[in-house]
Amino acid sequence: MSIQIPRGTQDILPGEIEKWQFIEKKAKEICNRFLYKEIRTPIFEHTELFQRSVGDTTDIVQKEMYTFEDRGGRSLTLRPEGTAAVVRSYAENKMYGQAAQPVKLYYFGPMFRYERPQAGRYRQFIQFGVEAIGSNDPSIDAEVISLAMELYKELGLKKLRLVINSLGDTSSRKAHRDALIHHFKPRIGEFCKDCRQRLETNPLRILDCKKDRDHQLMKSAPSILDYLNDESLQYFEAVKQHLSDMDIEYVVDPTLVRGLDYYNHTAFEIMSEADGFGAITTLCGGGRYNGLVQEVGGPDQPGIGFALSIERLLSALEAEGVELPQEHAVDCYIIALGEKAIDYAVPLLQKLRREGFSAEKDYMGRKMKAQFKAAERIGAKFALIIGEDELESGNAMVKNLTTGDQERVPFDHLPGYLRSEG
Ligand code: ATP
Ligand code: MG
């Protein structure tokens, strides 16, 4: 039996990969404008990193991690998300000591979660994310949110909904936590097994339960916004004001709690409202994580970030019918006839490529007609026809494949000609 691709993963083939490259390029270009620098961390980390940072009680740590023992007996885990590793690296490389503050980083790469595969849910998926560490200024929260929105908008998405909430600081969360326990405890028996456990470990996460989301007690649950102390409230107001000043529309949803344990203050999600997008509407999730740096052994530095997957971004583009521009065009195809010309095509191709043209020739021993077909199939702008006569006269016959016009061009003048006519 032939071997097949593992469940929940996908091959991205030529023809499809161009979209991924376009998105990656756009994301990197926006990060340059916003002065976020790329960081690349390992694909695997010590398991403990995720237990400590993502949190022992989360779905990710409890059910979704690809954890294995290496030959030295260490427990390692394929990264399920990016923030933990970035924060580990920040602490380990003492980035808090560097002159440029806050430290603004972005990453782009594969993440791994053992999930039940379905549309928009893969076991290996590509995330783009940013982290701004070291500042407690509400304008950096707004900047991080605006960066994600900018990417979606510049790619052509229109049907977006930004949802924000505040989870408050430690004391606000503590007061809210007590209220949640008080609210759910009498009827916790009606909830799923996970929620019964969450009541003890992290009651806030009951609000994020996918099974019990329609339970009557969910709607009437105490709102975190009623438990924010003055400082947390002021912080939230400032973030919202900055968003409004940038003309970024948002809705406040007090039930928005993020799946990871480390969030506080600002939490946000960007959803797609496109028809036909499917059940999973969240494109991007992020928030503030003051305390996380300390959790992984660094100093007490605040941070905020987001992560989004390219898979869901592509689904949203498809649902809105957005076509990404095709960037790459083939400049020329050498059509060589006769032994000498066929050999001459090799260094000619090298020369043209060195001059910066995307150029191709035949490798299949095709006849002239088939070579023309091949040139058209790859969308070449010009065909350079060379045979014995052309070699002798020192001129190539250049045919514009769009207009059909032909012209003799000396070999030495080819780069200049292609540049001016192309
Ligand atoms: P969900 O509630 O959909 O499971 P999450 O809370 O687990 O999302 P995060 O950990 O916040 O998601 O990840 C941020 C983003 O990464 C999500 O908004 C989504 O775009 C994307 N994402 C998460 N899990 C997957 C997956 N299995 N496949 C594809 N994209 C994913
Ligand atoms: Mg999830």
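The values are calculated or read from the model by the stated rules, or taken from the named source; none is laboratory data. The model shown is predicted, which means the values in this text are computed figures rather than measured ones. With ideal geometry, Cβ positions are generated from the backbone for all residues, glycine too; neighbour counts draw on all protein chains shown. Heavy atoms of the whole protein, side chains included, go into the accessibility calculation; ligands, DNA and RNA do not. Shrake-Rupley method; radii C 1.70, N 1.55, O 1.52, S 1.80 Å.
Within the range 37-69, being more than 16 Å from ligand 1 (Cβ to nearest atom), assigned to a helix (DSSP H, G or I) and either open to solvent by 40 Å² or more (accessible area, probe 1.4 Å) or of a type in the set (D, E, K, R) (or both) holds for E48, R52.
For the condition within 27 Å of A85 (Cβ to Cβ), under 21 Å from the mean Cα position of the chain (by Cα) and at pLDDT below 95, what is the one hit in I270, I304, I310, I280? Please lay out each step first, then the result.
Working: I270 fails: at pLDDT below 95; I304 fails: at pLDDT below 95; I310 fails: at pLDDT below 95.
Answer to the check: I280.
The set of residues in the range 120-169 being away from ligand 1 (no atom under 14 Å from the Cβ), within 28 Å of Q21 (Cβ to Cβ) and assigned to a loop (DSSP other than H, G, I, E, B) consists of G156, K158, K159. Within the range 347-372, if we keep just the residues that are out of contact with any strand residue (DSSP E or B) (no Cβ under 8 Å at 6 or more places or on another chain) and surrounded by 12 or more Cβ atoms within 10 Å (Cβ to Cβ), the residue that is farthest from G387 (Cα to Cα) turns out to be E355. Selection of the range 294-334 for residues being within 30 Å of Y262 (Cα to Cα), open to solvent by 10 Å² or more (accessible area, probe 1.4 Å) and either away from ligand 2 (no atom under 16 Å from the Cβ) or not assigned by TED's automatic domain parsing to the domain that holds N136 (or both) yields Q294, E295, V296, G297, G298, P299, D300, Q301, P302, L314.
Looking only at the range 70-85, decide whether some residue is away from ligand 1 (no atom under 11 Å from the Cβ), in a helix (DSSP H, G or I), open to solvent by 20 Å² or more (accessible area, probe 1.4 Å) and not hydrophobic (A, V, I, L, M, F, W, C). Scanning the range 70-85, I find no residue that is away from ligand 1 (no atom under 11 Å from the Cβ), in a helix (DSSP H, G or I), open to solvent by 20 Å² or more (accessible area, probe 1.4 Å) and not hydrophobic (A, V, I, L, M, F, W, C), so the answer is no. For the range 249-263, check the following and say yes or no: at least one residue is within 24 Å of Q127 (Cα to Cα), open to solvent by 30 Å² or more (accessible area, probe 1.4 Å) and within 16 Å of ligand 1 (Cβ to nearest atom). Looking for residues that are within 24 Å of Q127 (Cα to Cα), open to solvent by 30 Å² or more (accessible area, probe 1.4 Å) and within 16 Å of ligand 1 (Cβ to nearest atom), one finds at least one in the range 249-263, hence yes. Looking only at residues in the range 278-293 that are open to solvent by less than 30 Å² (accessible area, probe 1.4 Å) and in a strand (DSSP E or B), the one that is farthest from ligand 1 (Cβ to nearest atom) is R288. From the list L233, L337, the lone residue that is open to solvent by 30 Å² or more (accessible area, probe 1.4 Å), at pLDDT 95 or above and not assigned by TED's automatic domain parsing to the domain that holds S139 is L337.
Pick from the range 264-277 the residues that are of a type in the set (A, V, I, L, M) and within 26 Å of Q301 (Cβ to Cβ): which of them is farthest from ligand 1 (Cβ to nearest atom)?
Step one: of the range 264-277, the residues of a type in the set (A, V, I, L, M) are 267, 270-271, 274.
Filter again for within 26 Å of Q301 (Cβ to Cβ), leaving 267, 270.
Numbers: A267: 10, I270: 8 Å.
Only one residue fits best here, namely A267.
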